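Below is one structure; the comments refer to it alone.
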Amino acid sequence: STLFPTRRSSDLRAEARLLADLDDEHVVHLYEYVEDAPHSAIVQELVNGVSLQAMLDRNGPVTPEAALVVLKGSLLGLGAAHEAGVVHRDYKPANIVVTGDGDTKLIDFGIAVRRDSAVPSAGTPNYMAPEQWHGGPATPATDVYAATGVFVSCLTGRPPYPSPDMDALRHQHLNSPPPAINVPVPVRP
């Protein structure tokens, strides 16, 4: 279990409700939500592995084939979430855990919402879809955009638009063509 003293109980309760609807081997399993004011906790499956972000930081970019193999489980988990009407909104390398057998699981549904929810802008800016920058409704396309960005990160070792400036990053996600120049030629289209 993990205690989140800085997160409100209502936020954890909402995350637990969403996770309760997801029963897929590629999504971290929720065991229970516990509340004992003023503390609350989500008790989840312990996934023995390392984040995709840590793997990329340590080993650098991978081939397109290797990227697809390592992303497969988390993408299946994302598909299961979409089938349940849940949009993750924060699909990124740090939220993908690679297990010892090479499978992947999707974790951290802290800002996930029901499909088509009009909610405030949230997510990791390097992977945020245009509608997230505008606070538009969350749809599966929101996560597909992020998944494409994660695929680019696997191939290049960096986010699609690696800018530390938030305004520049926003502009790039909203107005720039896909940054295909850095990815291997066979997958550029």
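The values are calculated or read from the model by the stated rules, or taken from the named source; none is laboratory data. Every value quoted in this text rests on a predicted model; they were computed, and no experiment measured them. Because the Cβ atoms are built from the backbone with ideal geometry, glycine has one as well, and the counts that use them run over all protein chains shown. Keep in mind that these areas ignore ligands, DNA and RNA; they rest on the heavy atoms of the full protein, side chains included. Shrake-Rupley method; radii C 1.70, N 1.55, O 1.52, S 1.80 Å.
A few points about this structure:
- Scan of the range 167-185 for residues that are in a helix (DSSP H, G or I), open to solvent by 40 Å² or more (accessible area, probe 1.4 Å) and at pLDDT below 90, ordered by number: 181, 182, 185
- Subset of the range 89-110 that is under 25 Å from residue 40 (Cβ atoms) and assigned to a strand (DSSP E or B) - its residue that is nearest to the chain's Cα centre (by Cα): 106
- Filter result for residue 120 (open to solvent by 30 Å² or more (accessible area, probe 1.4 Å) and part of a loop (DSSP other than H, G, I, E, B)): yes
- Top-ranked residue of the range 29-49 - restricted to ones that are surrounded by fewer than 14 Cβ atoms within 10 Å (Cβ to Cβ) and under 19 Å from residue 103 (Cβ atoms), ranked as modelled with the highest pLDDT: 48
- Residue 65 fulfils the conditions (1) open to solvent by 40 Å² or more (accessible area, probe 1.4 Å); (2) closer than 18 Å to residue 156 by Cα; (3) in a loop (DSSP other than H, G, I, E, B); (4) not polar (S, T, N, Q) except for a single criterion, (3).
- Total residues in the range 10-59 satisfying the condition of being within 21 Å of residue 91 (Cβ to Cβ) and of a type in the set (Gly, Ala, Ser): the figure is 6.
This table checks each residue for (1) under 23 Å from residue 22 (Cα atoms); (2) touching a residue at least 40 places away in the same chain (Cβ under 8 Å); (3) among the small types (Gly, Ala, Ser).
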| position | (1), (2), (3) |
| --- | --- |
| 94 | yes, yes, yes |
| 115 | yes, no, no |
| 124 | yes, no, no |
| 160 | no, no, no |
| 164 | no, no, no |
| 169 | no, yes, no |
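- Selection status of residue 14, open to solvent by 40 Å² or more (accessible area, probe 1.4 Å), free of Cβ contacts under 8 Å to residues at least 24 places away in the same chain and in a helix (DSSP H, G or I): yes
- Among the residues of the range 140-166, those identified as among the small types (Gly, Ala, Ser) and not in a helix (DSSP H, G or I) are 157, 163.
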